[in-house]
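Below is a structure I'd like to ask you about.
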Amino acid sequence: MDERLSTAGWASRSPWQGVLDRSLQGSGLAITPLDHKPLIHVAINPGDRAAFAATILDVFGMALPSGPRRIVSGELELSWAGLCQWNFSYEDHKEGQAVCGRLANAAALTDLSASRARLQISGRPAPKLLAKGCAIDLHPRVFGPNDVAVTLIAHIGVHLSQLDDTPTYEIALFRSLAASFFSWLSEAAQEFGIKGPPPKLQPKGAPKAGLPLGSLHAHG
């Protein structure tokens, strides 16, 4: 193989690198980037639901959620992601791979791990913050711990989960949209005492904003 085409020397890079490198704390609010975690998309044919549900009951000791919910058993998590679709994530590689082997008998699995950016938003103001860009009603009477949704926040597609009654939310989105999402989030969070990202430095020799390119050339 041409060495120029080899990926062996590629280093893993966080989707939040240079965007959200650390947790941000505000007035009762925290925004935290999450480390890389295996994320497996699981899809089944409707006719295979009974076999799949039996496997989930055996692995998790819980019934397969019939709607937009998540179940957690130790370090294993299964979250609804659409009609006959779920996202499976885990911490322990050996345990997770063993479960994937069992799920593959009744479902189609796709590894999404490297394609998603994840972060947590926690604190009492979190629902108010998310309401600025999300049309879903996050009032605790409607949306509570272990509820999930596939929706839009600031016109960006996300998978939204509520982890506890703090409340703490976990958001997963396409990693290529991480910077765009954080640009909206940091601005929306300013009323809660969270400062936005520092302005980007203008590279040396770059044209100033609003200056026509033609004006940079010397006229003879």
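No value in this document is a laboratory result; all are computed from the given coordinates. Since this is a predicted model, take the numbers as computed values, not measurements. Every residue, glycine among them, receives a Cβ derived from its backbone with ideal geometry; neighbour counts consider all protein chains shown.
Pull out a ≥ b ≥ c, the square roots of the eigenvalues of the alpha-carbon gyration tensor of region 1-97, then state rounded if a/c is under 1.5, prolate if not and a/b is larger than b/c, and oblate in the remaining case.
It is oblate, given that a/c is not under 1.5 and a/b is not larger than b/c.
With Cβ to Cβ distances under 13 Å as the rule, what net charge do the other residues near residue 188 carry (K, R +1; D, E -1)?
Once positives and negatives cancel, what remains is +1.
Tell me, 89, 186 in order of fewest to most beta-carbon neighbours within 10 Å?
Neighbour counts put them in this order, fewest first: 186, 89.
With the dipole of region 19-192 worked out from charges on the C-beta (+1 for Lys and Arg, -1 for Asp and Glu) around the Cα centre, which of 105, 129, 34 lies farthest toward the positive end?
Value computed over the given set: 129.
What shape does region 19-192 take by its C-alpha gyration tensor, where a ≥ b ≥ c are the square roots of the eigenvalues and a/c under 1.5 counts as rounded, a/b above b/c as prolate, and the rest as oblate?
It comes out prolate by the Cα gyration axes.
Hey, another quick one. I'd like the trypsin sites (Lys or Arg not before Pro) in region 1-107 restricted to DSSP loop residues with at most 11 other Cβ atoms within 10 Å, sorted by number.
Loop-located and lightly packed - 13, 22.
Sort region 137-195 into rounded, prolate or oblate with this rule: let a ≥ b ≥ c be the square roots of the eigenvalues of the Cα gyration tensor; rounded if a/c is under 1.5, and if a/c is not under 1.5, prolate when a/b is larger than b/c, oblate otherwise.
oblate
How do 36, 159 line up, fewest other C-beta atoms within 10 Å first?
36, 159
Got the relative contact order for region 19-192 handy, in percent, Cα pairs under 8 Å and 6 or more residues apart?
Dividing the mean separation by the residue count of region 19-192 yields 24 percent.
For region 19-192, with only Lys/Arg (+1) and Asp/Glu (-1) charged at the beta-carbon, what is the dipole magnitude about the Cα centre, in debye rounded to 20?
Dipole size: approximately 300 debye.
For residue 69 and residue 105, calculate 0.36 nm times their separation in residues minus their Cα-Cα distance, and state this gained length in nm to one decimal.
Contour length minus Cα-Cα distance gives 10.7 nm.
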